[in-house]
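The values are calculated or read from the model by the stated rules, or taken from the named source; none is laboratory data. Just so it is clear, the structure is predicted and the values come from calculations on it, not from any experiment. Cβ sites come from the backbone with ideal geometry, for glycine too, and all protein chains shown count toward neighbours.
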Amino acid sequence: MYEHLFWFLGHPEVYIIILPAFGLTSEVLSTMGRKPIFGYKAMVGSLMAIAFLSCIVWGHHMFVTGMNPFLGAVFTFTTLLVAIPSAVKVFNYLATLWRAKIQLTPAMCFAIGLVSLFISGGLTGIILGDSALDINVHDTYFVVAHFHVVMGASAIFGMLAGVYHWFPRMFGRMMNKTLGYVHFWITLIAVYGVFFPMHFIGLGGVPRRYYSNSAYEGFDVFLNINTLITVFAFLAAVAQVIFLFNFVYSIFKGKKAPQNPWHSNTLEWTSPAGPGIHGNWNGPVPTVHRWPYDYSKPGADDDYIPQTVPYSQTKNSNLPGEE
Ligand SMILES: [Cu+2]
């Protein structure tokens with residue numbers, strides 16, 4: 001009973017970590033690709049579908065607890081259903097990037113990094129969600145590798161994309177781009193360096209949650225891989241020191257940020273730069289005329305039209321009238 005309750009909380013909880021990162025990524029991919037997010041309604045629907053499905057899949061953590069195999073089959077079915085909205089999101093991310101005017105800011109690098117990690121980690125989720133396959137790798141490092149790629153690395157990449165993107169809005173200053181790129185590349189390589197080989201240790205049968213495996217001679221062949229993983233883990237940690245330095249340094253010494261550094265449509269970039277004031281705007285609250293994704297709109301001169309600017313005030317008069 002306790003284990004059921006634990007995973008009834010535990011599975012939705014990991015989705016709570018990744019879903020906001022998906023939202024951040026959608027914003028960054030759209031703004032930095034100068035295109036509307038592809039399939040907006042499908043993207044929102046997928047988020048809601050994932051949130052709902054997350055509540056009826058917890059049994060996939062319990063395939064080897066002695067649970068009735070028929071119940072295992074039910075949880076396999078509900079779990080594999082999650083692949084559908086997940087695939088919709090990945091395809092729409094890729095379609096948003098297709099023929100986009102991609103601006104590779106550090107935020108965009110991390111957003112694309114999230115897509116890469118989510119695909120890599122999602123594929124092994126199919127193996128773990130299927131009871132017949134899961135039994136072979138349950139409670140091994142294969143699971144550790146899978147969930148750290150998806151809900152650890154992928155979610156953190158989304159959060160870092162958000163930090164780089166909205167830092168100018170939060171502090172009125174820009175983060176250092178070069179340090180951002182160094183942070184991104186070391187983190188990306190180190191994360192794959194840690195978790196890619198970890199899958200193979202798991203396939204070899206090394207169990208998780210043991211503080212040492214030195215009592216089992218059969219696992220000695222994996223020592224070199226463990227050493228390699230440790231080196232990459234330290235490398236990943238060093239990269240985060242670079243990020244923390246960049247973050248704190250830029251708060252005080254970063255270049256002053258323009259009002260709207262990424263030429264974004266959204267409302268937050270119209271409020272006074274720097275830490276928020278009560279009510280967010282000095283004067284009256286601005287009027288919003290449309291959705292936030294009017295990037296590269298056919299017939300418009302600029303590749304963005306802020307939500308607060310009516311079409312009649314844009315340079316080109318060919319745009320349709322406001323609804
Ligand atoms: Cu789960």
note = Scanning region 64-88 residue by residue, those away from the ligand (no atom under 11 Å from the Cβ) and among the aromatic types (Phe, Trp, Tyr) turn out to be 70, 77
task = Go through the residues of region 95-107 one by one and say whether even a single one is within 16 Å of the ligand (Cβ to nearest atom) and touching a Gly at 6+ places or on another chain (Cβ under 7 Å).
result = no
query = Do we find that residue 128 is part of a helix (DSSP H, G or I), under 17 Å from residue 183 (Cα atoms) and among the aliphatic types (A, V, I, L, M) in this structure?
reply = no
inquiry  = Just to check your reading of the model, which residue among 6, 22, 38, 91 is at pLDDT 95 or above and within 16 Å of the ligand (Cβ to nearest atom)?
reply    = 6
request  = Could you grab the pairs with beta carbons closer than 6 Å, sequence gap of 6+ or different chains, first residue in region 49-64 and under 14 Å from residue 16 (Cα atoms), second one away from the ligand (no atom under 11 Å from the Cβ)?
outcome  = 49/85; 50/85; 53/81
request  = Could you give me the residue pairs with C-beta distances under 6 Å whose first residue belongs to region 119-146 and is in contact (Cβ under 8 Å) with a residue 60 or more places away in the chain and closer than 17 Å to residue 70 by Cα, whose second residue is among the hydrophobic types (A, V, I, L, M, F, W, C) and part of a helix (DSSP H, G or I) wherever it lies, and which are 6+ apart or on separate chains?
outcome  = 129/80; 134/128
ask   = Given the structure, is residue 14 modelled with pLDDT under 95 and either surrounded by fewer than 21 Cβ atoms within 10 Å (Cβ to Cβ) or within 16 Å of the ligand (Cβ to nearest atom) (or both)?
value = yes
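So, residue 211, is that one hydroxyl-bearing (Ser, Thr, Tyr), outside the structural domain of residue 309 (by TED's automatic domain parsing) and modelled with pLDDT of 95 or more or not? Explain how you work it out, then say what you get.
Values: hydroxyl-bearing (Ser, Thr, Tyr): yes; outside the structural domain of residue 309 (by TED's automatic domain parsing): yes; modelled with pLDDT of 95 or more: no.
Against the criterion (hydroxyl-bearing (Ser, Thr, Tyr), outside the structural domain of residue 309 (by TED's automatic domain parsing) and modelled with pLDDT of 95 or more), residue 211 does not qualify.
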